[in-house]
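**Student:** Please see the structure below; I have some questions.
The values are calculated or read from the model by the stated rules, or taken from the named source; none is laboratory data. None of these values were measured; they are calculated from a predicted model. With ideal geometry, Cβ positions are generated from the backbone for all residues, glycine too; neighbour counts draw on all protein chains shown. The accessibility values were calculated without ligands, DNA or RNA, using every heavy atom of the protein model including side chains. Shrake-Rupley method; radii C 1.70, N 1.55, O 1.52, S 1.80 Å.
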Amino acid sequence: MMLTNLKQLMFSLKMKRKKRERNNILLHGSNDICVELNRILWRKRHRIFSLVSFVSGCLILLLFAVSVFSPPPAANLLFLPPHYLARKEIAAVESNTVFQVPTIGGDLDRGLWSTSRSKLYYGCSNASNKFQTADMKTYPNRYLLISTSGGLNQQRTGIVDSVVAAYILNATLVVPRLDQRSYWKDASGFAEIFNVDRFISSLSRDVKIIKELPLKEGKPWIPRRMAVPRKCNERCYQTRVLPVLTKKQAIELRKFDYRLSNRLETDLQKLRCRVNYHALTFTDPILEMGKLLVERMRMKAKHFIALHLRFEPDMLAFTGCYYGGGDKERRELGKIRRRWKALHASNPEKMRRQGRCPLTPEEIGLMLRALGFGSDVHIYVASGEIYGGEETLAPLKALFPNFHSKETIATEAELAPFSSFSSRMAALDYIVCDESDVFVSNNNGNMVRMIAGRRRYFGHKPTIRPNAKKLYKLFMARNNMTWEEFATKVQAFQVGFMGAPKELKPGRGEFHENPTSCICETKGTETIQKETQEEDHENDNNGRDTAEVNDEQDPIEEDLDWIEDDYSDNIKDLPDTDSNVLTKQEQPEVEELFSD
């Protein structure tokens with residue numbers, strides 16, 4: 001019995017031991033499985049993290065490559081301040097609009113190559129029956145000499161007005177002497193630029209003109225030198241100049257530019273037009289070369305634009321404008337500006353706000369594209385050295401690749417007879433700009449005024465003057481709008497600035513720019529008259545804005561030579577044509593050194 005119980009006890013203990021060993025094996029196995037599972041999960045997480053890191057790195061490299069090697073969009077090719085570019089980028093991110101400049105233009109058939117209603121108007125400058133001829137009114141031994149000022153077109157104003165001054169004084173005019181000492185440094189004489197024989201013969205019924213002052217008692221005649229105020233009217237010449245001329249018999253009026261009032265009686269205004277548009281022509285070599293340049297532009301395209309860019313360093317320095325080039329630009333233009341000690345301090349931001357600064361080449365390009373001119377349009381650029389060089393021109397060339405100048409369409413040998421003379425080179429540009437289908441100005445200087453007036457007289461060919469005041473605000477905000485919105489606003493702002501008839505009211509602006517006394521209107525049908533009335537009403541709606549901008553865009557005026565020579569005449573003492581009160585238009589003007 002006891003033996004049996006002992007066996008049972010030993011068996012029981014043995015079973016319990018085996019059970020404990022079995023449990024220990026299961027416990028160790030569970031621990032090993034957990035450890036292994038943890039290892040597997042960690043490896044998977046590491047692979048996932050590595051994959052994510054690899055994909056992220058690839059995306060970053062891809063974005064970097066795109067930013068470096070992709071060409072910038074046309075809308076971002078800007079000659080603008082860095083801080084303005086930063087604002088643009090921020091605005092582009094914050095805004096949902098996209099400013100994308102199209103390659104094609106609009107519907108050019110809607111009249112961009114011609115001016116509406118131009119067929120209703122024509123130039124008319126014949127004298128009336130009451131206008132006395134030269135043989136009836138010219139006094140013997142009464143000679144007027146003129147010394148002009150400035151560049152080609154500034155001198156042209158003096159030449160035209162000298163004929164009228166001689167008529168008022170009943171004097172014989174000696175062929176005007178051109179300025180050879182001004183900034184332009186051109187030694188050309190009158191006969192080397194203008195056809196002197198045509199000038200004399202064409203005006204023979206109006207004013208007696210001779211090439212040289214005759215001898216006095218066998219000796220050279222030394223004329224009395226004097227000056228007249230700016231905008232001197234008929235009464236001014238009769239009271240200030242005529243007494244001296246009567247006594248001395250020969251006088252020379254120096255620095256003769258803009259020395260004649262805009263407001264004269266109609267016959268005197270028409271005499272101005274006969275001089276400017278018929279008698280005063282360039283020499284045959286200049287005309288032939290100009291004609292050749294025009295023909296070569298016509299060979300490239302049926303229609304072309306001529307652009308007077310006016311973005312030279314001297315121009316920017318003289319106006320005191322700033323275009324975002326930082327200290328480098330301020331230093332460079334400031335150094336040029338210091339050449340003229342009499343220039344007042346400028347406020348560049350105010351100048352731009354008021355529309356008194358030339359548009360940048362890119363801004364000109366955007367304006368033309370918004371008006372409807374596509375990238376296939378050919379542009380002839382009349383300009384000197386552009387500030388910033390090719391970098392500044394790049395945006396305009398990107399918008400209009402068909403970019404030409406006299407240097408690109410003529411050989412160096414062909415231009416050699418003219419290239420050493422600034423006025424002769426300017427004359428070539430004058431001819432091409434005048435003959436272009438569309439003329440675009442970028443300031444309101446002498447060349448623009450002269451060509452604008454001539455294009456009005458000969459058929460109102462399209463002449464685009466940027467509404468710079470409103471366009472400036474639009475350029476600043478353009479990345480907050482779509483291209484369609486931008487183009488619509490440009491077209492609206494340019495109404496009244498496209499060279500159409502009656503854009504400028506009579507008496508508004510310089511007479512050479514707006515020769516209303518010399519433009520006559522035909523009698524049209526009732527339909528045409530109705531259309532005319534409707535368009536006149538539209539122009540009237542824009543009249544206040546146009547007049548406002550015209551007043552504000554008058555060139556900065558400061559007669560530097562007048563100041564340096566201590567010229568004592570004061571325009572405030574000058575009586576007006578119609579009253580003794582000096583109006584706003586008759587205030588002192590300055591010699592526009594960089595407006596040609």
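**Student:** Of these, 168, 159, which one is under 26 Å from residue 458 (Cβ atoms), in the same structural domain as residue 227 (by the TED database) and either acidic (Asp, Glu) or in contact (Cβ under 8 Å) with a residue 60 or more places away in the chain (or both)?
**Tutor:** 159
**Student:** If you check 353, 296, 339, which single one turns out to be open to solvent by 10 Å² or more (accessible area, probe 1.4 Å) and without any contact (Cβ under 8 Å) to a residue 60 or more places away in the chain? Working first, answer last.
**Tutor:** Working: 353 fails: without any contact (Cβ under 8 Å) to a residue 60 or more places away in the chain; 296 fails: without any contact (Cβ under 8 Å) to a residue 60 or more places away in the chain.
Step by step, each of 353, 296, 339 is checked, and only 339 is open to solvent by 10 Å² or more (accessible area, probe 1.4 Å) and without any contact (Cβ under 8 Å) to a residue 60 or more places away in the chain.
**Student:** Mind telling me which of the residues 363, 312 ends up being in contact (Cβ under 8 Å) with a residue 40 or more places away in the chain, of a type in the set (D, E, K, R) and open to solvent by 10 Å² or more (accessible area, probe 1.4 Å)?
**Tutor:** It is 312.
**Student:** Mind listing just one residue for me: the one in the range 248-293 that is touching a residue at least 40 places away in the same chain (Cβ under 8 Å) and of a type in the set (Asp, Glu) and, of those, most open to solvent (accessible area, probe 1.4 Å)?
**Tutor:** Here the answer is 284.
**Student:** If you take the residues of the range 376-395 that are assigned to a loop (DSSP other than H, G, I, E, B) and of a type in the set (A, V, I, L, M), which of them is surrounded by the fewest Cβ atoms within 10 Å (Cβ to Cβ)?
**Tutor:** 386
**Student:** Please tell me if residue 193 is more than 24 Å from residue 417 (Cα to Cα) and modelled with pLDDT of 95 or more.
**Tutor:** It is false that residue 193 is more than 24 Å from residue 417 (Cα to Cα) and modelled with pLDDT of 95 or more.
**Student:** Restricting attention to the range 166-188, report how many residues are under 14 Å from residue 241 (Cα atoms) and either modelled with pLDDT under 95 or in a loop (DSSP other than H, G, I, E, B) (or both).
**Tutor:** Qualifying residue count for the region: 3.
**Student:** Further question: Quick check: anything in the range 227-246 in contact with a helix residue (DSSP H, G or I) (Cβ under 6 Å, 6 or more places away or on another chain), assigned by the TED database to the domain that holds residue 171 and open to solvent by 30 Å² or more (accessible area, probe 1.4 Å)?
**Tutor:** Yes, the range 227-246 has at least one match.
**Student:** Filter the range 366-375 for residues that are more than 14 Å from residue 464 (Cα to Cα) and open to solvent by less than 10 Å² (accessible area, probe 1.4 Å) and give the result.
**Tutor:** 374
**Student:** Among the candidates 318, 373, single out the residue that is assigned to a loop (DSSP other than H, G, I, E, B) and under 27 Å from residue 428 (Cα atoms).
**Tutor:** 373
**Student:** From the list 153, 195, 141, which residue is crowded, with 23+ Cβ neighbours inside 10 Å and not hydrophobic (A, V, I, L, M, F, W, C)?
**Tutor:** Unique residue meeting the criteria: 153.
**Student:** Identify the single condition in (1) assigned to a helix (DSSP H, G or I); (2) among the basic types (Lys, Arg); (3) more than 16 Å from residue 427 (Cβ to Cβ) that residue 225 does not satisfy, given that it satisfies every other one.
**Tutor:** (1)
**Student:** Within the range 396-410, which residues are open to solvent by 40 Å² or more (accessible area, probe 1.4 Å) and among the charged types (D, E, K, R)?
**Tutor:** Residues satisfying the conditions are 397, 407.
**Student:** On the basis of being touching a helix residue (DSSP H, G or I) at 6+ places or on another chain (Cβ under 6 Å), in a strand (DSSP E or B) and surrounded by 17 or more Cβ atoms within 10 Å (Cβ to Cβ), does residue 306 make the cut?
**Tutor:** yes
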